[in-house]
Amino acid sequence: MAVTESENRREIARLPTRPISLEDRYDPPANFLEIEVLNPETHGFASKRYTDYEIRMKTNLPVFRLKECTVRRRYSDFEWLRKELERDSKIVVPPLPTKAWKRQMPAFFRRDDGIFEDDFIDERRKGLEQFINKVAGHPLAQNERSLHVFLQETTIDHEKYVPGKMSSGVPLTPRTLAQSHHNDSQRIANPRLEVNERRLRPIYDFMEIHNYRKALTEIERLLKKQAHFTACKALKCLVLLKLDKHDEASALANELDTLASAHTHAAPIGDASNVDENTLTFLSQYYKDLRQYDKVVSLYDNATKREPNSEEYLCSLFMAYVRMKDYKNQMLTAQKLYKLTRKTPYYNWAVISVLLQIDENAAQLAQTLYIPMALKMLEKEFFDENSQQTKSYGEMECLLYLCTLELKKDFPKALTFLTKHLDGLIKSATNESMLPAYFAHEKPLIYNYKAGQFDETYRLAKNFLKEDNYVWNWYEVLFDTFFQFDQTKQQELIQDLHDFLLTTPEGATDLRNIHLARIEFGLRWQLARHNIKSLVLPELASTYLSKTFFDQLTSYIQTYSSKTTSLVMYDIYRASEYLSSEEQTRLHAYLIEQITSETARNNVQYLINVLYCARLCGDKHDVWLKDNWKTFTERLFDLANQASTSAEHSIELFILIANILDITKQSKSEIYALLDRVHDKDSANFDVKLYIYNLALHFNCLTIMKDYFERLEIKNIQYYSLGYLLTDHYLRIHTNYRHVRSSCNYLTNLLLVYNDDSWSQIMFCYKYGNFLRINEIRIFSDCYLSYSLIYFQALIGALVVDFIQNGNRYRSISTLLKHPSNQVLFEHKQKNKQSLHGLFYKTNTNEVYRVQDTRDYDIWPKIDHRRLRFNSIEKEETPNETVAYADRILNEHSDQSSYQSPSYKDSFLRQYQTVDFQQRVALCYLRANILNLLHTLYVDRKSSADAIHMPDEEVFQTLKLILADYSQCTKALNPTETITPCELQTIVDLELYQAIPLFIQLLLDGITLNKTAEAAPTLTKISLSNVKIAYDKIEQHINDIIKQLERSYQLLVQALQKTLFQKRCTATNDETADFLNDLAGKQSPIEYYSVYTEFTSYTYGLYLSIRLIFAALFNKTALLVEGSESADNRTLNSKKSKKKGGDQQSETVENPDEIKLWSQLEKIEVLYNDQWTQVIENIQKYETYLRKHGQLNANDYERLEKQLDVNSDQSTNKSKSKADENTSSSGSSTKDNQEDPQTSNLTLQLSQLAMRSSTRRAFTLGYLESFIQIRVCLTTKQKTLRLRLSST
């Protein structure tokens, strides 16, 4: 020991020392930087509310222009800074304080002020101060322009901001691509690299300001001087892609691909003709923009063969494999990287690549191959107990090892490993994550529970709860463990657990969790009795099945109803379902007593909570309301209008009044009028806007629905959980097709953005070692995003609406089906043998869905109590399943292949949501099969020529396959009554889907290929020389088609005659103006005509294809003439074709069967023309009736009609802007304060509830928009049909 100390002294003695004077001690430091985040202030109100912070900086560093400055910044500004630094700098940017999504949920999910709580704001302020000091203290970050703008500019102008370095002032956004791979040693060794980059700088400048034409000009100028400058050519590919010059870009990219495929350099390193790092970066970005990720793999694969020891190239190749989900090659590349560099993260990459292969193979291989392989790799490198050499490892290696043991389900070994390494990981001085709590609490509980050590789990859970009784997870583990014991052990411990739950910890301020734990314990006994009828319960447990359980519920209601807003209902609704009928009667009587109590009269909050809880009593509360609703609502009106009632409580009372009126089946118009005025009082209230949306849904007015959907301020990823509010109804209620298509396209484009972001996050996880998040993000991208029901509805909806509006001629249908934006759906055909079945279902029996239900129904309980109140548990036959906390956490971290929305985690909500989900998946699959049939008939994958697609044997086989899918789909159609209306019932009632296969069978049975043609080695198009025409079968199928079209139309007419709106429109002396109720409800005239228009567009598209196939087959040139935009050209082409046809007829004579064929096909056209004429005439009656009773003037009607007419697209910008103004006014239910004196004085009374004339006018415009759009669509189709009839 002495020797060591003396050696240390000698080492210290070598350091130069200098005495420090008193002046030096108190002089300012040579370099200092002090940044404070202080004085948070909250501004605005409602949805415009936000908090900003004062940023005060003092420094003497020369890199900063100002030595002292003060600015104010919001949290979003910190996010912008972090994003800029991550993109432009080479530092590891520390994380920001969390966004606290739970605090941003609607008010009824919280019991506090959310992100505007003082404690939360102060906590966030500390986190932001820590972040900005870490960032600004880094030397590399101090040169970034974004940091200087953030700290020293009064405001951040995002439009004028140009990224770059403060030292040179050169913008960095495109340059980052080129400079990310070059280091200083390369520049010194190869001065040509610096010269080449300097020549590219002007191009970067133009690209950064999106002036791609100037950039292309600069590229052409540079290539004239250096024709073999490959990096410049690669950059040209990117510019041409931005300018939509795809052919030129593709040709140039192919040329560069040829150069990049070489395994040796063509010139010395640094020469511009080489495929260098810049070239690869630009070219890979070009392929990424085209989503051709396999080409990126090929680029870097060849690059690693040229330079096998390049760490940069191998890393890029690994990330390319990540994007392709090629896990096997990921592993091999990671192993090469580790062998080359001996860096531990690369070894972790290889291990996680092995584990990610589990999802791609059978479960048996997971347990026999991949998991053992990963364990062996980790144990060999880090955790080999037999090795005498100690190897270093960190927390990521431990987490990865534990995760692998979890997948193996070897929990005893995981527990042993955790116990051995727990202290070292928790006491790590460098640990700044949540690792201590993660390891010290959750993992020991889970591993002990799964290892079957229930005594230890029970002890740990109790100890953790004594430390912090506010963590609900520990209560879950405690109850899960108790009910794993046998009956003898339960008998021993029940008194101990009972006393533990009744004991109040010292110093506890919030006892809500303790009360809920007592209720949960009673609920667990209720579930145990329900699932096992013969279960012998301990004596103490029997009290939880009667008096104690009931008393705990009433005690919780009485204690907490005066403290939180509408929270009590959400806490107890599951428990209330397990009360017997007598106990529910007792509970309802107790709640009614509380409503009239002194506490309720003096405390509005208490009354509101008790009323929400009373709804949980089901029919008993409904019966009471029917007898007392009038006097009770008058009392609530008086209370809401009192000056002493706060605005928040007043709004809650009005929502309850609307709900009572709804339950007692009062006028929906009066309820809408009430909420319309409440919305004036608080336009930011989420529940009020959602309730108005729900009423607009009842009235079947999609324009109003869309308007209030936009007012809900749903943003970004919320579209994939709440977008169903519109996507469920876009094709059920037709409205402005252009707006619908725009909304659907936005949703589908959103998927591409989030997919790219997800893969970027996965790459960051690899880069920074956060391996446990990789699978979570992968599931989010592959399941939540790519297979979301809302995404499929938007994807199919955009194509269907486009087809309805523009599918009038063969050429227009062919064009829209070939459009790149519509190819996403059909790309899956190539992967699944021309079938789309695998896109929707995992099995052939249509039982296991691949589509994921991401819809969130947790927003509804306040509005529609049926989403929260269910049938009595006693009536259920199937037992309820409870998932233990440990199993739930492990399932979330495992390689699951499906996503469940928050609603699905509640077994009660799942009962309703599952039925609705099954119907909507079946409807999407039905439409997808129809579109697949049309795509097969219209799009020739082997030829891009703009001509009639003549089928071959492959097309016939594809049609048979799709027809089999369609048959299986239609057999499974089972419309079920649900809360939310669905058009599937109407489609089945009108038999609209039955005509589709008849058209395909006409083609398959009517045209038969000769055996010689079938035996040919190459597929040939059909012609009269290689087919047989079965005229008798064609005649039979045409007759069947006509009968089915006539039957569907007759069913439509019969259904319309039963509607009140049809009766009013046909009546001669009906002056009633209550058209809202006539058009409300399920299967209204709007829905009938919407689905009829959709399916008649399908059958008409099939008919056009078949007709032109026969015309080409028989060489009927007159029939092959497509209608053009010009009437003169159409007439001229028709005359020429008739003359040519006459010349041919002089040479050949038609046979009688052929003449009869064209005569029968013409019958279908006549039938379409007659039906559309009748529909158009009837819709015009509807429009006249609505204009009269909606008091709409002629100018508004003409403006709306002009806007919806597709032929008016060439109108002036002025008329378009006026039409847009009209649309916004029609959908927004704009209030006129002078018209309604109650707007300024919101003292509402039940007798004063009447819908405003402006609101009625908005509904009128919304209905007219639906009817006019349908009429315009059918009129356009009829025009093309009549022109063809007249020309032929």
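Observations, loosely collected:
- Unique residue being within 22 Å of E520 (Cβ to Cβ), touching a helix residue (DSSP H, G or I) at 6+ places or on another chain (Cβ under 8 Å), touching a residue at least 24 places away in the same chain (Cβ under 8 Å) and crowded, with 18+ Cβ neighbours inside 10 Å when the list is L579, L607: L579
- The residues of the stretch 714-767 that are part of a helix (DSSP H, G or I) and among the acidic types (D, E), listed by number, are D756, D757.
- Filtering the stretch 788-799 for residues that are assigned to a loop (DSSP other than H, G, I, E, B), touching a residue at least 40 places away in the same chain (Cβ under 8 Å) and either surrounded by fewer than 19 Cβ atoms within 10 Å (Cβ to Cβ) or not aromatic (F, W, Y) (or both) leaves an empty set.
- Candidate set from the stretch 396-431 (those that are part of a loop (DSSP other than H, G, I, E, B) and at pLDDT 85 or above); member that is surrounded by the most Cβ atoms within 10 Å (Cβ to Cβ): D410
- Residue match in the stretch 1056-1064 (condition: of a type in the set (A, V, I, L, M, F, W, C) and open to solvent by 10 Å² or more (accessible area, probe 1.4 Å)): yes
- Scan of the stretch 814-831 for residues that are surrounded by 19 or more Cβ atoms within 10 Å (Cβ to Cβ) and over 25 Å from the mean Cα position of the chain (by Cα), ordered by number: S814
- Matching residues, the stretch 313-329, being under 20 Å from L256 (Cα atoms) and either touching a strand residue (DSSP E or B) at 6+ places or on another chain (Cβ under 7 Å) or open to solvent by 20 Å² or more (accessible area, probe 1.4 Å) (or both): S316
- Of the residues making up the stretch 1065-1084, those that are at pLDDT 85 or above and not polar (S, T, N, Q) number 6.
- Meets criteria (among the acidic types (D, E), more than 25 Å from S561 (Cβ to Cβ) and open to solvent by 40 Å² or more (accessible area, probe 1.4 Å)) for E634: no
- Those residues of the stretch 971-1000 which are free of Cβ contacts under 8 Å to residues at least 60 places away in the same chain and either closer than 20 Å to H729 by Cα or touching a Pro at 6+ places or on another chain (Cβ under 8 Å) (or both), in sequence order: L973, N974, P975, E977, V988
- Failed item in (1) under 30 Å from L1204 (Cα atoms); (2) open to solvent by less than 50 Å² (accessible area, probe 1.4 Å); (3) small (G, A, S), with A684 passing the rest: (1)
- Residue pairs whose Cβ atoms lie under 6 Å apart, separated by 6 or more positions or on different chains, with the first residue in the stretch 662-689 and at negative phi and in a loop (DSSP other than H, G, I, E, B) and the second crowded, with 16+ Cβ neighbours inside 10 Å and among the hydrophobic types (A, V, I, L, M, F, W, C), are T664/L625; T664/W629; D682/I651; N685/I651.
- Restricting the search to helices (runs of 4 or more DSSP H) fully inside the stretch 437-554 and requiring at least 2 residues that are touching a helix residue (DSSP H, G or I) at 6+ places or on another chain (Cβ under 7 Å) and open to solvent by 10 Å² or more (accessible area, probe 1.4 Å) gives 443-450, 454-467, 472-482, 487-502, 512-531.
- Residue in the stretch 555-565 that is least open to solvent (accessible area, probe 1.4 Å), counting only those that are in a helix (DSSP H, G or I) and out of contact with any His (no Cβ under 9 Å at 6 or more places or on another chain): I557
- Checking the stated criteria, Q285 turns out to be surrounded by fewer than 19 Cβ atoms within 10 Å (Cβ to Cβ), within 29 Å of the chain's Cα centre (by Cα), of a type in the set (S, T, N, Q) and part of a helix (DSSP H, G or I).
- Filtered by the rule that a residue be part of a loop (DSSP other than H, G, I, E, B) and within 23 Å of L747 (Cβ to Cβ), the stretch 804-831 gives G807, H819.
- When residues of the stretch 749-763 are limited to those that are of a type in the set (A, V, I, L, M, F, W, C) and open to solvent by 50 Å² or more (accessible area, probe 1.4 Å), the one nearest to L799 (Cα to Cα): L752
- L240 vs. criteria touching an Asp or Glu at 6+ places or on another chain (Cβ under 6 Å), at pLDDT 90 or above and either open to solvent by 10 Å² or more (accessible area, probe 1.4 Å) or closer than 22 Å to M207 by Cβ (or both): yes
- When the stretch 243-261 is limited to residues that are in contact with a helix residue (DSSP H, G or I) (Cβ under 7 Å, 6 or more places away or on another chain) and in a loop (DSSP other than H, G, I, E, B), the one that is modelled with the highest pLDDT turns out to be L243.
- A Cβ distance below 8 Å, combined with a sequence gap of six or more or placement on separate chains, defines the contacts here; from the stretch 251-269, residues that are over 16 Å from T281 (Cα atoms) reach residues that are open to solvent by 90 Å² or more (accessible area, probe 1.4 Å) and modelled with pLDDT of 85 or more in the pairs H263/K305.
One line per residue, one yes/no per condition, for (1) assigned to a strand (DSSP E or B); (2) among the β-branched types (V, I, T); (3) in contact with a helix residue (DSSP H, G or I) (Cβ under 8 Å, 6 or more places away or on another chain); (4) at pLDDT below 85:
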site: E36; (1), (2), (3), (4): yes, no, yes, no
site: P40; (1), (2), (3), (4): yes, no, yes, no
site: T51; (1), (2), (3), (4): yes, yes, yes, no
site: M57; (1), (2), (3), (4): yes, no, yes, no
site: R72; (1), (2), (3), (4): yes, no, no, no
site: F78; (1), (2), (3), (4): no, no, yes, no
site: K83; (1), (2), (3), (4): no, no, no, no
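- Check on L1104, among the hydrophobic types (A, V, I, L, M, F, W, C), farther than 23 Å from L984 by Cβ, outside any loop (DSSP other than H, G, I, E, B) and at pLDDT below 90: no
- On the stretch given as the stretch 1184-1198, residues that are modelled with pLDDT of 85 or more, surrounded by 19 or more Cβ atoms within 10 Å (Cβ to Cβ) and within 40 Å of the chain's Cα centre (by Cα) total 1.
Here's the yes/no breakdown for (1) in contact with a His (Cβ under 9 Å, 6 or more places away or on another chain); (2) within 14 Å of L283 (Cα to Cα); (3) not hydroxyl-bearing (S, T, Y):
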| site | (1), (2), (3) |
| --- | --- |
| L200 | no, no, yes |
| I203 | no, no, yes |
| Y212 | no, no, no |
| A227 | no, no, yes |
| A234 | no, yes, yes |
| L238 | no, yes, yes |
| K242 | yes, yes, yes |
| K245 | no, no, yes |
| A249 | no, yes, yes |
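- Residue check for T1230: open to solvent by 40 Å² or more (accessible area, probe 1.4 Å) and either in a helix (DSSP H, G or I) or at pLDDT below 65 (or both): yes
The values are calculated or read from the model by the stated rules, or taken from the named source; none is laboratory data. Being a predicted model, the structure only gives us computed values, none of them experimental. Glycine gets a Cβ as well: all are built from the backbone with ideal geometry, and neighbour counts include every protein chain shown. With ligands, DNA and RNA removed, areas are computed over all heavy atoms of the protein, side chains included. Shrake-Rupley method; radii C 1.70, N 1.55, O 1.52, S 1.80 Å.
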